[in-house]
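Report on the structure given below.
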């Protein structure tokens, strides 16, 4: 039976949204356990208020929150909307990535894994001002594995390493200089390692755009939230998402101006 391209796109988008929502639920749980200092590998999910172990019906992404009215089934305590919003966000990001490139290949899965990691470390950073090294290591491993599946492996490797060292290393040197001048930490070590990791995926030129956009987003957060200090990881993650989807387009546009 012939299936039109439109219906195929809709079908793939629906599947990706469901997977994104599931991974959003998972990574939110992982982030919460990391912040609480608990084992995120073993153990069943439970209500944070009454401690009741949650059943499968309580853990259906998005739908469980809606049908339960945002409350625990057992103690009726209000559940943070962050759970549903995280699931909606990652599901949307999965679909967005597919609709931009309209291809299902390994590079798409590479980017989807990166999005999961960036969301997880952002959630941890928002709650604790800490970016766990595990997320950085997982991101580097994901990039290294992707080398196997690209056509020009050497060029891909050199571009990534150059981006990571140029942006990450440059920011490290700059932050050390600023630390000496200001007499306090100007940028967390986790932020520097995160910049190194994400710039492996972008290379040096798009990495510069990512760095600039990260600073703009961070400044906007400071102005909107009216705080003197904010976690920088979410700003870098948001910029990395934009760079992954539109970095090449923005770079070609910029070079066309000369």
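Structure values in brief
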{"read-out": "Residue among 79, 145, 140 that alone is surrounded by 14 or more Cβ atoms within 10 Å (Cβ to Cβ), under 25 Å from residue 234 (Cα atoms) and not assigned by TED's automatic domain parsing to the domain that holds residue 30", "value": "140"}
{"read-out": "Region 1-25, subset free of Cβ contacts under 8 Å to residues at least 24 places away in the same chain and assigned to a helix (DSSP H, G or I), residue farthest from residue 64 (Cα to Cα)", "value": "5"}
{"read-out": "Odd one out for residue 244, checked against (1) within 25 Å of residue 107 (Cβ to Cβ); (2) not in a helix (DSSP H, G or I)", "value": "(2)"}
{"read-out": "Filtered residues of region 55-69 (kept if surrounded by fewer than 16 Cβ atoms within 10 Å (Cβ to Cβ) and either outside any loop (DSSP other than H, G, I, E, B) or in contact with a strand residue (DSSP E or B) (Cβ under 6 Å, 6 or more places away or on another chain) (or both))", "value": "56, 57, 63, 66, 67"}
{"read-out": "Residue count, region 171-206 (criterion: assigned to a helix (DSSP H, G or I) and in contact with a helix residue (DSSP H, G or I) (Cβ under 8 Å, 6 or more places away or on another chain))", "value": "20"}
{"read-out": "Index of the failed condition, residue 175 passing every other in (1) over 19 Å from residue 121 (Cβ atoms); (2) more than 21 Å from the chain's Cα centre (by Cα)", "value": "(1)"}
{"read-out": "Search result, residues across region 32-56 that are under 21 Å from residue 81 (Cβ atoms) and under 22 Å from the mean Cα position of the chain (by Cα)", "value": "32, 33, 34, 35, 36"}
{"read-out": "Qualifying residues in region 106-126 (those that are touching a residue at least 12 places away in the same chain (Cβ under 8 Å) and surrounded by fewer than 17 Cβ atoms within 10 Å (Cβ to Cβ)) - the one nearest to residue 242 (Cα to Cα)", "value": "107"}
{"read-out": "Output for region 111-153, where each listed residue is within 19 Å of residue 203 (Cβ to Cβ) and outside any helix (DSSP H, G or I)", "value": "150, 151, 152"}
{"read-out": "Matching entry among 73, 44 (being assigned to a loop (DSSP other than H, G, I, E, B), farther than 17 Å from residue 234 by Cβ, modelled with pLDDT under 95 and touching a strand residue (DSSP E or B) at 6+ places or on another chain (Cβ under 8 Å))", "value": "44"}
{"read-out": "Filtered residues of region 239-258 (kept if free of Cβ contacts under 8 Å to residues at least 24 places away in the same chain and closer than 21 Å to residue 112 by Cα)", "value": "249"}
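Listed here are the residues, each with its yes/no results for (1) in the same structural domain as residue 130 (by TED's automatic domain parsing); (2) surrounded by fewer than 17 Cβ atoms within 10 Å (Cβ to Cβ); (3) modelled with pLDDT of 95 or more; (4) over 24 Å from residue 98 (Cα atoms).
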{"position": "215", "(1), (2), (3), (4)": "yes, yes, no, yes"}
{"position": "224", "(1), (2), (3), (4)": "yes, yes, no, yes"}
{"position": "227", "(1), (2), (3), (4)": "yes, yes, no, yes"}
{"position": "239", "(1), (2), (3), (4)": "yes, no, yes, no"}
{"position": "243", "(1), (2), (3), (4)": "yes, no, yes, no"}
{"position": "249", "(1), (2), (3), (4)": "yes, yes, no, no"}
{"position": "253", "(1), (2), (3), (4)": "yes, yes, no, no"}
{"position": "257", "(1), (2), (3), (4)": "yes, yes, no, yes"}
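The values are calculated or read from the model by the stated rules, or taken from the named source; none is laboratory data. Nothing here was measured: the structure is a model prediction, and the numbers come from that model. Here the Cβ is made from the backbone with ideal geometry for all residues, glycine too, and neighbour counts use every protein chain on show.
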